[in-house]
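Trainee: Sending over a structure as structure tokens; questions will come in a sec.
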Amino acid sequence: MISANLSAIFYLVSGVLFILALRGLSSPETSRQGNFFGILGMVIAITVTFLSTDNFSTGFIFVIIFILAGGSIGAFIAYRIPMTAMPELVAGFHSLVGLAAVFVAISAFLNPEAFNLGTQGNIKLGSLIEMSIGAAVGAITFSGSVIAFLKLQGIMSGSPITFKGQHPLNAIILISIIVLIYLLCTTQSSNLFWILLVVSFLIGFLLIIPIGGADMPVVISMLNSYSGWAAAGIGFTLENTALIITGALVGSSGAILSYIMCKGMNRSFFNVILGGFGATDETSGEKNKEQRPVKSGNADDAAFLMKNASSVIIVPGYGMAVAQAQHALREMVDTLKKNDIKVSYAIHPVAGRMPGHMNVLLAEANVPYDEVFELEEINNDFANADVAFVIGANDVTNPVAKTDPQSPIYGMPVLDVEKCKSVLFVKRSLSPGYAGIDNDLFYKENTLMLFADAKKMTEDITKNL
Amino acid sequence: MEIDPLIFRLSIFILSIFVGYYVVWSVTPSLHTPLMSVTNAISSVIIVGAIIAGLSGNSNTIFNTSSIFGFLAIALAAINIFGGFLVTQRMLAMYKKKKKDK
């Protein structure tokens, strides 16, 4: 058994290694080293925990068994999961962190002696506050992530579920959580602890159901943040530096990602959380549904346009992920490059279902990351490009966001696709995108609509090049 | 008067939030997905709490209500640790630079 001071120092070391793990992600070259630091930090934390316990009883064997069991499940999932399913995976993983936090809190509540927190029914006040906050946030993370997972997986409809009195109900529940924590701390009643957990599970569920599919980038980031705060709460209870540092890191990381995502949609955080976006303006979309002429073409026309271009910008969106078209797309680009055509990729911050979703898919298809650009890096280049190839994106290219103050997406940063000499728009139909509004781009003089499945169309174009 | 150790932990917490803030802003947007999977993996350091909970039984009763929750939490956190780091590794291995010799 090593001394408490020594183990505290090791926990600090592993906290610092976690900071370095995140720091590594500032560029792809250093990122792999960063991941290694993260693993090292974790190994140190677990080893120190083993060494600081003097209980090498048979229970120890079970600890190893459970680690190996969980670890093999995790490793299996990590190797098998397709890259397109990354948002679901991350949502699923968040739910596990939340649930683990809840379980640790329950365990500490039932057996406070093991954690030096006092005795049952007489837990130190500070620890009890920290524990109940950790448990409540963990429970919210769990049930919220489960809903996010079900929505992303398509088991549950991605459209917002709203009902009358939703917001007052949520407000009442949130207030009751605070009241419950207060009562729990004054009475130490275990019944209140269980009620607190149930109510927290409930609010996590209610908070996420009104949020629609395309707002998922915000939701996932937010749940990421919550899982961090839950870990920090438990870290305070256990007086563990590694857990406190990590919780703070993850909490602020998720908060920043939520902020970036909200900005990408020009919506306030509260607007997203209150939910129900997209369901409201179906009527306004209905009234100007008079038939406007669109030009539609086939793979042959598209190939002809691109062959005569000298530069092409590709705008991928969630549709590309759904159609699994990233590999076909890269083959098309390879053919274009053989013909000395300059190709780059333009990624909108909220393209896809989670932050960085498109970048991962393109990387999977062996697209070099220095050909992929963010919105502000590439937006001026559209005016000089010959062809914009929009594949599976919609609202993020809609010029209405710049021109029509009445539009629900007005003010959202969009890619200036319409400035290209010609626009190729791969889409299955003319149906409006998530925001429920028509895309003016469809009707522009220089737009050619390619009505087909993204993957099939891309393959056909390659054949015709 | 002595300072409550809680204040020190609170200081660590607040300073870490600031460290996190600046470190995460420097993460390149193209790596935001690996950022989420790696933060997910490191937040599973909560496993240290789970291990203490799992070992809380004595040698006669390895399994009591408290330690069972500990064991379950160990399994959940382990899924996350292995799954999170490995999937991050898998993603990061895909990010390649343009080959110059082409």
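Trainee: Count charges around A:Met449 for me, please; just the other residues with Cβ under 11 Å from its Cβ, Lys/Arg as +1, Asp/Glu as -1.
Mentor: Net local charge, A:Met449 excluded: +3.
Trainee: Another question, if that's okay. Connecting C-alpha atoms closer than 10 Å in a GNM of chain B, tell me which of B:Ser26, B:Ser66, B:Ser43 has the biggest fluctuation.
Mentor: B:Ser26
Trainee: A further question on this structure: Restricting to Cα atoms and excluding each atom paired with itself, what does the Kirkwood estimate give for segment A:64-164 in Å?
Mentor: For segment A:64-164, inverting the mean 1/r across all distinct Cα pairs yields 15.8 Å.
Trainee: If you don't mind, another one. Each label point is 7 Å from the Cα along the Cα-to-Cβ direction; what then is the distance between the points at A:Val16 and A:Lys456, in nm?
Mentor: With each label point 7 Å from Cα toward Cβ, the separation is 5.9 nm.
Trainee: Follow-up question, since we're still on this one. Given a 1.4 Å probe, how much area per residue of the protein assembly as shown is accessible, in Å²? Each step should come with its number before you reach the end.
Mentor: Numbers: 23010 Å² over 567 residues.
Accessible surface, normalised per residue, equals 41 Å².
Trainee: Would you mind giving the mean number of other chain beta-carbons within 10 Å of the Cβ of each residue in A:12-20, as a whole number?
Mentor: 3
Trainee: Pop out the carbon and sulfur fraction of the accessible area of chain B as a percent, whole number, probe 1.4 Å.
Mentor: On chain B, the fraction of accessible area on carbon and sulfur atoms equals 68 percent.
Trainee: With n ≥ 4 as the cut-off for DSSP H runs, can you work out [θ] at 222 nm for chain A, using -39500 (n - 2.57) per run divided by the number of residues, rounded to the nearest 500?
Mentor: Roughly -19500 deg cm²/dmol at 222 nm, from the helical runs in chain A.
Trainee: At what distance in nm do the modelled label points of A:Asn339 and A:Lys463 sit from each other, each positioned 7 Å from its Cα along Cα→Cβ?
Mentor: The answer from the label model is 1.7 nm.
Trainee: Past the 21 Å Cα-Cα mark, which pairs from A:Lys427/A:Lys456; A:Lys263/A:Lys421; A:Lys338/A:Lys444; A:Lys337/A:Lys421; A:Lys295/A:Lys402; A:Lys263/A:Lys402?
Mentor: Table pairs above 21 Å Cα-Cα are A:Lys263/A:Lys421; A:Lys338/A:Lys444; A:Lys295/A:Lys402.
Trainee: With solvent modelled as a 1.4 Å probe, how much accessible area in total do chains B and A shield from it at their shared surface, in Å² to the nearest 100?
Mentor: It comes to approximately 8200 Å² buried between B and A.
Trainee: List the relative contact order of chain B as a percent without decimals, with contacts defined as Cα pairs under 8 Å and 6+ residues apart.
Mentor: After rounding, I find 28 percent.
Trainee: Ordered by packing density, taken as the mean number of other Cβ atoms within 10 Å over each peptide's residues, highest first, how do A:324-334, A:182-192 rank?
Mentor: Top of the packing list down: A:324-334, A:182-192.
Trainee: Do you know the relative contact order of chain A, to the nearest whole percent, from alpha carbon pairs under 8 angstrom that are 6+ apart? Show your work: numbers first, answer last.
Mentor: Numbers: 775 pairs, mean separation 63.8, N = 465.
In percent, rounded to a whole number, it is 14.
Trainee: With respect to the cross-link table entries A:Lys419/B:Lys97; A:Lys307/A:Lys455; A:Lys342/B:Lys97, which display a Cα-Cα separation exceeding 26 Å?
Mentor: Table pairs above 26 Å Cα-Cα are A:Lys419/B:Lys97.
Trainee: Follow-up. Return the carbon/sulfur percentage of the accessible area of chain A, one whole number, probe 1.4 Å, all protein chains in place.
Mentor: 62 percent
Trainee: What does the highest-first list of A:412-423, A:390-401 look like by mean Cβ count within 10 Å?
Mentor: Ranked from most to least packed, the peptides come out as A:390-401, A:412-423.
Trainee: Within 11 Å, Cβ to Cβ, of A:Ala385, how many net charges do the neighbouring residues add up to if Lys/Arg are +1 and Asp/Glu are -1?
Mentor: On the way: positive: A:Lys342, A:Lys419, A:Lys421; negative: A:Asp381, A:Asp386, A:Asp416.
Once positives and negatives cancel, what remains is 0.
Trainee: How crowded by other chains is A:359-367, given as the mean number of beta carbons from other chains within 10 Å of each beta carbon? Walk me through the intermediate numbers first.
Mentor: Details: counts 10, 11, 2, 3, 10, 4, 1, 2, 4.
Rounded to a whole number, the mean comes out at 5.
Trainee: Related question: With +1 assigned to the C-beta of every Lys and Arg and -1 to the C-beta of every Asp and Glu, and no other charges, what is the dipole magnitude of the protein assembly as shown about the Cα centre in debye, to the nearest 20? Before the final figure, lay out the partial values.
Mentor: Working: 35 positive and 37 negative charges, 149 e Å.
The calculated dipole for the protein assembly as shown is roughly 720 debye.
Trainee: Output the residues of segment A:105-124 meeting this criterion: accessible area (heavy atoms, 1.4 Å probe) in the chain alone minus accessible area with all protein chains in place is 30 Å² or greater.
Mentor: A:Ser107, A:Leu110, A:Asn111, A:Ala114, A:Phe115
Trainee: Provide, in order from the shortest bin, the percent of all Cα-Cα pairs of segment A:30-123 in each 5 Å bin, continuing until the bin that contains the maximum pair distance.
Mentor: Per 5 Å bin, starting at 0, the Cα pair percentages come out as 2, 10, 11, 19, 23, 15, 10, 7, 3, 1.
Trainee: Rounded, prolate or oblate: which fits segment A:127-172, taking a ≥ b ≥ c as square roots of the Cα gyration tensor eigenvalues, rounded meaning a/c under 1.5, else prolate when a/b beats b/c? Write out the running numbers ahead of the final one.
Mentor: Values: a/c = 6.29, a/b = 1.49, b/c = 4.24.
In terms of gyration-tensor shape, oblate.
Trainee: Ignoring everything but the protein chains, give the 1.4 Å probe accessible area of A:Ile313 in square angstrom, nearest 10.
Mentor: A:Ile313 has an accessible surface of roughly 10 Å² with all protein chains in place.
The values are calculated or read from the model by the stated rules, or taken from the named source; none is laboratory data. The structure displayed is predicted, hence computed values, not measured ones. No Cβ is skipped: glycine too gets one built from the backbone with ideal geometry, and neighbour counts run over all protein chains shown. The accessibility values were calculated without ligands, DNA or RNA, using every heavy atom of the protein model including side chains. Shrake-Rupley method; radii C 1.70, N 1.55, O 1.52, S 1.80 Å.
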